[in-house]
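Just so it is clear, none of the values below were taken in a lab; they were calculated from the coordinates. It should be emphasised that the depicted structure is a prediction, and the values quoted were computed from it without experimental measurement. Every residue, glycine as well, gets a Cβ built from its backbone with ideal geometry; the counts of neighbours run over all protein chains shown.
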Amino acid sequence: GAVVSQHPSWVICKSGTSVKIECRSLDFQATTMFWYRQFPKQSLMLMATSNEGSKATYEQGVEKDKFLINHASLTLSTLTVTSAHPEDSSFYICSARHLGKSGEQYFGPGTRLTVT
Amino acid sequence: GQQLNQSPQSMFIQEGEDVSMNCTSSSIFNTWLWYKQEPGEGPVLLIALYKAGELTSNGRLTAQFGITRKDSFLNISASIPSDVGIYFCAGQLRDDKIIFGKGTRLHILP
């Protein structure tokens with residue numbers, strides 16, 4: 001149990017286009033999901049907290065208009081990278097906070113974004 | 001903001017050796033977590049620590065939460081080839097945000 005999936009697992013897009021990444025909790029409900037970004041050989045950096053039914057909260061230095069987050073249901077959060085630039089190329093990972101397990105979080109497998 | 005100082009950055013060991021890595025922070029965390037990440041995958045939770053001073057084992061892995069709630073270590077005994085990967089310490093805050101250390105890359109020499 002407690003599986004989190006991400007789709008797509010990898011994506012290549014051209015500069016200036018937008019890309020949507022999905023994060024789903026498959027067998028549990030999650031009112032809160034978190035989005036991280038990981039550059040090569042670096043750590044995971046928290047970008048934003050996604051709250052079901054309300055606006056996401058962003059960490060300092062993360063542009064909310066560039067990284068649009070929608071958490072429309074208890075099992076799905078989406079991250080849209082708008083007007084992508086090559087420097088947005090990274091590994092994007094989500095985690096989902098289990099509604100029924102004292103705040104335990106489970107991580108997705110990540111999405112590799114390459115912007116050309 | 002909160003920062004975790006993790007060391008060493010990388011380790012090269014022989015199969016069968018024991019491994020030790022640690023993390024320190026200037027901030028107090030509610031929960032301390034240790035993850036392993038393999039290339040192209042998300043992090044997988046190894047051990048979670050909830051109480052100051054807590055010592056917890058998971059197979060060949062042992063971790064302890066420091067008394068001050070500002071540090072932790074992870075030990076791996078009798079390393080095997082599948083232990084290769086990046087190990088991250090992480091602290092969880094009251095609002096459930098998780099802050100990651102920079103990671104320790106474990107290499108096992110043939």
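Near B:PHE65, once Lys and Arg are set to +1 and Asp and Glu to -1 for all other residues with Cβ below 9 Å from its Cβ, the sum equals 0. By the beta carbon rule, with partners counted only under 4.7 Å, chain A holds these lone Cys residues: A:CYS13.
For chain A, what value does the Rg/Rh ratio take when both radii are computed over Cα atoms and Rh is the Kirkwood radius, given to two decimals?
Expressed as Rg/Rh, it is 0.95.
Would you please classify the overall shape of the stretch B:26-98 from the alpha carbon gyration tensor, given that a ≥ b ≥ c denote the square roots of the eigenvalues, rounded means a/c under 1.5, and beyond that prolate means a/b larger than b/c while oblate covers the rest? Oblate is the answer for the stretch B:26-98, as a/c is 1.5 or above yet b/c matches or exceeds a/b. If you take every DSSP beta bridge whose two residues both sit in chain B, what share of them, in percent to the nearest 5, is antiparallel? Antiparallel bridges make up about 90 percent of those DSSP assigns within chain B.
Please count, across the protein assembly as shown, the pairs of lysine residues with Cα atoms under 14 Å apart that sit 8 or more places apart or on different chains.
So the count works out to 6.
What FRET efficiency comes out for A:HIS85 versus A:HIS7 if R0 is 30 angstrom and r is the Cβ-Cβ distance? Round to the nearest 0.05. Approximately 0.85, to the nearest 0.05.
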